[in-house]
Amino acid sequence: MVVLKQWIYIGLVPLVVILTSCHREVESRSYTIGFSQCTEGDAWRKAMHKEIVREVSFHPELSLQIKDGKNSSANQVKHIREFIEQKVDLLIISPNETEPITPIVEEAFEKGIPVILVDRKISSSSYSAYVGADNFQIGKLAGEYVANLLNGKGKIIEVWGLQGSSPAIERHKGFLEAIGPYQEIQVVAEVKGEWEKVIAKKRFPAVYQQHSDPDLVFAHNDVMALGAYESLKGLKKQNSLKFIGFDGLAGPNGGLQLVEDGVLDATFLYPTGGEEIIKLAYNILHNQPYKKENILNSTVIDGRNVHIMKQQSDKILSQEVNINRQQQRISEQVKIYNNQRALLYVLVISLFIIIILGAYAVYSLWLRHESNRALMAKNREILEQRNEIAEMAKKAEKANEAKLKFFTNVSHEFRTPLTLILGPVEDALQSNISVGLKKDMLLVRQNALRLLKLVNQLMDFRKVERKKMRLQATESDLVKFVEEVVQSFKRLARKKQIHLKVISRVKEINVYFDKDKVDKILFNLLSNSFKFTKENGHITVLIELSDDRNHVLVTVEDTGKGMTPSQVASAFDRFYTADDNASLGTGLGLALSKEFIKLHHGEISVVSKEREGTRFIFTLPLGKEHLKPEEIIQETTQEEQSAPLTAGVLDADMELFTGTHAQETSDMVKEHTILVIEDNKELREFLVSRLSTDFNVVDAPHDAFGLQQAFDTIPDLIICDVNLPQKDGLEVTFLLKKDMRTSHIPVILLTAKDTLEQKIDGIQAGADLYVTKPFSFLYLRERVKGLLKNRDLLKVYYNSAISVDTKVQTAQPKQLDKKFINEVAALVESNLQNPDLSVNDISESLGMSRVHVYRKMKALLGYSLNDYIVNTRLKKARHLLLNSQMNISEIAYEVGFSSPAYFSTAFKNHFNMSPSDFKSTRPGKEKILV
Ligand code: FRU
């Protein structure tokens, strides 16, 4: 703001200087002059006015107001009073009559208003100045001229001006004084002309006719002389009658013209004095010296000088015209000047405004620049702060991530010990133990399962948080599903004497839902209800359709202790536990249920009243339009490899780890060898000890040794943990499956991680099965058996695949194994005639050791390479026996036997008949020989 003021100041100073300099020529004070004129009706006074106006125009500070008395003294008194009241700066008065006007002039003068008397006088000296001719003198001059003109003898008629006016009186006196010495000159009559032509013209003839032969008419002014002259027209008039007047005005009907025209014999110049009057007024008003009596000169104009006088006056008149024209032009110029000055003012003001606005704009720009700079600085600061916050957030996120990772890893780590706890507990429960110990074991199992449930929930949360949780919906009958889940609580209900029932308003309803997740939701809701419902209470599960029939509503209602409003408000908050620390368990279940419901695009809500009960309602949309294609899966038997978390988890009688088959296998011949690669000592030892019942078991604590063992022993199956210290289980699997020696061996991966991606990775690496910890050992054992059985089926397949005449449909072999078999078959086939074809030759061609080829052949086909070569020779021989005309000796050599005798022995051993017997047998009676 201070800067703005400075700018305004900078702009204002030159403006003031400019404006004041423009004004410097103009007087700051202006004066009003009041002019009381006795009459404006005659030419003489009009001429005076012209002069006055012209002179005033040279002094812009003077403003003039003229009031016309119209020959009335009363009017004039009135006008002068008005001027006094108006407080004019100066009065100019040309009194109509002396006496009536004198008092008001005195009054004005006494009131301090300067008074200039013009032409006519008052009978007092109370005035500032007088301008006019000396009427006595010019009267005298006229008298002297007349005496001379009349040669000292003659009769005169005097035409008077207004008799109360000073010029009339003085001219009369002067005239009389001049003609006084001339006895024979007489004023024989007087006419009261009152300064007016018409009056003189009217009154003159009567006086003229009363006096015969007058010689001269002496009129107090030219117009009255003309009036008298004109009044004689038509009358008998002496040609020698002379006319004398005053004023000597220029212009038409002026005295000069009348003299020149011979109407008047002479006129006496009576100057109007307009210019002098204004000059005098100027001096008075400006306190400059001036004379009180300003007598104007007079002269006689007659036939002798009229011409020159007229010329001069014409010239003056034309100059006056010029002056007027110039004045007009000047006034136009002044107007233009004024306009231009006004324009200049406007321009200057505009310029000033522009400068101010410009300055303001510059100032605003500067301000904006400054504020921009400040803003930018602030922005930078904010940006820095934001970056800092982002950095901190990143760090916090990292820390959080690390924490969560740690959290998850710890959760993972819980699974192995849980497996190790649950395994022996299951064993103990299956064995003959005392009732007391069984009770303890059940308690251990119950709590281990509880812990397992918590770990699972935590891991589910982690998945939800990382958006890794995916819906795996299948289309199923929800009513049946709910009933099944509720069914698993029946025993508990009986035990706690709670009335548990399912009411379904629909008989069945197909809904796309993730069984695992809905199972967890229902389990959670029912568990809560059971926890808070007392003996004889009711728990009801209601299934119904929404009014719009777009959703299915599942209500779990109990008559338990209910919840407080604040508990209701926070029921679905993560990790929320109520004050009493028990009403909502860990606070995970409900929050997780809500997430699961959200995944289904459904809703969950709770209504509860303390001491009355709680009602949870969740909805699931019908149809599958709301689901992404990848969220819908076909129901398969291999949907969940890990032990399912069923509603029975908390039930002490849960049959998760049923050991019903535990004894069955103990007597089996240990035909298969299993390699266990597991870094966790306890788990490894647990697996070795449990698997040893049915299988030969070799073990390895890490990947390198595991691979070594695999190549050395070529086991029938490998169980490998995913989380190994060096190479992880996926890599080990990959290496095993890549190698011709071990590619046929089924691999089971054990892991605590059960994300779908991990499973896919495992399968992609070539793993045959993925088992998630904690696992049921029995489940694992069954899967091991299943895989081994599959392997046996493959053997049949391979045998048939290379058999010339038998086809058995079975599981498809792995690509690398097929390749191995094909290569072996091709090598044997092409060298069949060679009786020296050995295992060494084939192994060399395959790039494998004898032992590996042996083991792989054994694993894939169930017999050695040597047996395979002989079998192939015999099968080919059988084919030739059936389909060719070759004799037995020829066939023996053709299929690579060194002698027909050896061939016959071998054939008989294999097919239980001699080649010749076989040849004679019809093909229809052929036994299936494999
Ligand atoms: C004009 C006039 C003049 C004369 C003067 C005397 O009004 O009559 O003709 O000289 O006044 O006051």
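Can you give me the ranges of the strands (runs of 3 or more DSSP E) entirely in segment 671-767 with at least 1 residues that are touching a His at 6+ places or on another chain (Cβ under 9 Å) and surrounded by fewer than 19 Cβ atoms within 10 Å (Cβ to Cβ)?
Values: elements: 673-677, 696-700, 717-721, 747-751.
Correct list: 696-700.
Do the conditions hold for R445, that is, is it touching a Lys or Arg at 6+ places or on another chain (Cβ under 9 Å), in a helix (DSSP H, G or I) and of a type outside the set (S, T, N, Q)? So that I can check it myself, show each step before the final result.
Working: touching a Lys or Arg at 6+ places or on another chain (Cβ under 9 Å): no; in a helix (DSSP H, G or I): yes; of a type outside the set (S, T, N, Q): yes.
Against the criterion (touching a Lys or Arg at 6+ places or on another chain (Cβ under 9 Å), in a helix (DSSP H, G or I) and of a type outside the set (S, T, N, Q)), R445 does not qualify.
Criterion first (outside the structural domain of D222 (by TED's automatic domain parsing) and either touching a residue at least 60 places away in the same chain (Cβ under 8 Å) or aromatic (F, W, Y) (or both)) does P95 satisfy it? Steps first, answer last, please.
Values: outside the structural domain of D222 (by TED's automatic domain parsing): yes; either touching a residue at least 60 places away in the same chain (Cβ under 8 Å) or aromatic (F, W, Y) (or both): yes.
Yes; evaluated as a whole, the condition is true for this residue.
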Right, L256: crowded, with 18+ Cβ neighbours inside 10 Å, of a type in the set (A, V, I, L, M, F, W, C) and out of contact with any Leu (no Cβ under 6 Å at 6 or more places or on another chain) or not? yes
If I filter segment 134-157 for residues that are within 15 Å of the ligand (Cβ to nearest atom), under 23 Å from I52 (Cα atoms) and surrounded by fewer than 24 Cβ atoms within 10 Å (Cβ to Cβ), do I get at least one hit? yes
Pairs where the first residue, in segment 202-221, is among the basic types (K, R) and the second is surrounded by 21 or more Cβ atoms within 10 Å (Cβ to Cβ), C-beta under 6 Å, 6+ apart: R203/V191
For S63, indicate whether it is assigned to a loop (DSSP other than H, G, I, E, B), over 60 Å from the mean Cα position of the chain (by Cα) and more than 16 Å from the ligand (Cβ to nearest atom). no
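Go through D42, D68 for me and flag whichever is within 14 Å of the ligand (Cβ to nearest atom), among the charged types (D, E, K, R), at pLDDT 95 or above and closer than 23 Å to K197 by Cα. Don't jump to the end; show me each part of the working.
Working: D42 fails: at pLDDT 95 or above.
Just one listed residue meets the conditions, D68.
Of all residues in segment 257-276 being closer than 27 Å to V56 by Cα and touching a helix residue (DSSP H, G or I) at 6+ places or on another chain (Cβ under 6 Å), which is farthest from the ligand (Cβ to nearest atom)?
Taking segment 257-276 as the starting set, the residues that turn out to be closer than 27 Å to V56 by Cα are 269-276.
In the following step, the residues that additionally are touching a helix residue (DSSP H, G or I) at 6+ places or on another chain (Cβ under 6 Å) were identified as 272, 274-275.
Working: T272: 9, G274: 13, E275: 17 Å.
Of everything passing the filter in segment 257-276, E275 is farthest from the ligand (Cβ to nearest atom).
The values are calculated or read from the model by the stated rules, or taken from the named source; none is laboratory data. Just so we're clear, the structure is a prediction, and the values are computed from it rather than from any experiment. Cβ coordinates were reconstructed from backbone atoms using ideal geometry, including for glycine residues, and neighbour counts include every protein chain displayed.
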